[in-house]
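**Student:** For reference, the structure I am asking about is given below.
The values are calculated or read from the model by the stated rules, or taken from the named source; none is laboratory data. This is a predicted model, so every value here is computed, not measured. We place every Cβ from the backbone using ideal geometry, glycine too, and count neighbours over all the protein chains shown. Heads up: the accessible areas ignore ligands, DNA and RNA and are worked out on the full protein's heavy atoms, side chains in. Shrake-Rupley method; radii C 1.70, N 1.55, O 1.52, S 1.80 Å.
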Amino acid sequence: AWNHHRAVVRWSYDHDVRETSSDTTAAPDARVKRSALLARLADSTDVPLVVVSAGAGFGKTTLAAQWAAHDTRPHAVVRVGRFMDDPATLALHLVDALESVGADAGATRAVVTAAEPRFSAVVLPALSRLAASPTTPYVLVVDDIHLLADPDCHEVLHNVARGIPQGSQLAVLSR
């Protein structure tokens, strides 16, 4: 495990109000606003990893959008699809997201591969360095991580998490 001295904010919607809007195209402001949870997220900037776990339809993606609107830090979102259950594909999407929050991703993008031994010796450390490189704090949201079954994809996320600098956060959303 990485950085044992750092805590993890874990939140479950078990006791929260289920989203009542049936209009999936509604703006985040038109949906249930979780003020207490947004306040908790705002107060947790010293925590590098946020885990949001809830069933389908409980508003995890909406929460991420509301958080981005509520927080002054830049937010990047990677919405995982089934096609991303491949370490190189996932890594490239994370590289793009980190680039959008200020990381210089050119060198990392050039080395991304799922082939061993280069994956373990070059790609994984490069992802940690990339996550650590932005000069201003940011939030990286990875939505629907439950779609990632490949253990190498979990290694990709683990190495990104290892590089999250102080004041920044990796938020993983899952069922």
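**Student:** Restricting the search to region 30-48, which residues are charged (D, E, K, R), within 22 Å of residue 164 (Cα to Cα) and not in a helix (DSSP H, G or I)?
**Tutor:** Listed by number, the residues that qualify are 43, 46.
**Student:** Follow-up question, since we're still on this one. For region 139-156, give me the residue count where each residue is in contact with a Lys or Arg (Cβ under 8 Å, 6 or more places away or on another chain) and either in contact (Cβ under 8 Å) with a residue 40 or more places away in the chain or of a type in the set (Lys, Arg) (or both).
**Tutor:** Summing the residues that are in contact with a Lys or Arg (Cβ under 8 Å, 6 or more places away or on another chain) and either in contact (Cβ under 8 Å) with a residue 40 or more places away in the chain or of a type in the set (Lys, Arg) (or both) in region 139-156 gives 4.
**Student:** Can I ask one more? Looking only at region 73-98, filter to residues that are among the hydrophobic types (A, V, I, L, M, F, W, C) and open to solvent by 40 Å² or more (accessible area, probe 1.4 Å); which one of those is farthest from residue 173 (Cα to Cα)?
**Tutor:** 92
**Student:** Next question. For region 135-162, which residues satisfy the criterion of being within 15 Å of residue 105 (Cα to Cα) and surrounded by fewer than 22 Cβ atoms within 10 Å (Cβ to Cβ)?
**Tutor:** Result: 135, single match.
**Student:** While we're looking at this one, here's another question. Would you be able to tell me the number of residues in region 103-116 that are in a helix (DSSP H, G or I) and among the aliphatic types (A, V, I, L, M)?
**Tutor:** 3
**Student:** Could you grab me the full set of residues in region 49-100 that are more than 22 Å from residue 131 (Cα to Cα) and either charged (D, E, K, R) or outside any helix (DSSP H, G or I) (or both)?
**Tutor:** The answer is 53, 54, 55, 56, 57, 58, 59, 60, 82.
**Student:** Out of region 117-157, which residues are closer than 28 Å to residue 59 by Cβ, in contact with a helix residue (DSSP H, G or I) (Cβ under 8 Å, 6 or more places away or on another chain) and assigned to a helix (DSSP H, G or I)?
**Tutor:** If the condition is that a residue be closer than 28 Å to residue 59 by Cβ, in contact with a helix residue (DSSP H, G or I) (Cβ under 8 Å, 6 or more places away or on another chain) and assigned to a helix (DSSP H, G or I), then 131, 145, 147, 153, 156, 157 are the ones that fit.
**Student:** Name the pairs whose Cβ atoms lie under 9 Å apart, with the first residue in region 99-115 and closer than 23 Å to residue 139 by Cβ and open to solvent by less than 40 Å² (accessible area, probe 1.4 Å), the second outside any helix (DSSP H, G or I) and among the aromatic types (Phe, Trp, Tyr), and 6 or more positions between them or separate chains?
**Tutor:** 101/138; 103/138
**Student:** May I pose another question? For a quick check of your reading of the model, give me the residue pairs whose first member lies in region 73-88 and is farther than 19 Å from residue 100 by Cβ and hydroxyl-bearing (Ser, Thr, Tyr), whose second is open to solvent by 20 Å² or more (accessible area, probe 1.4 Å) and modelled with pLDDT under 95, with beta-carbon atoms closer than 9 Å and at least 6 apart or on different chains.
**Tutor:** none
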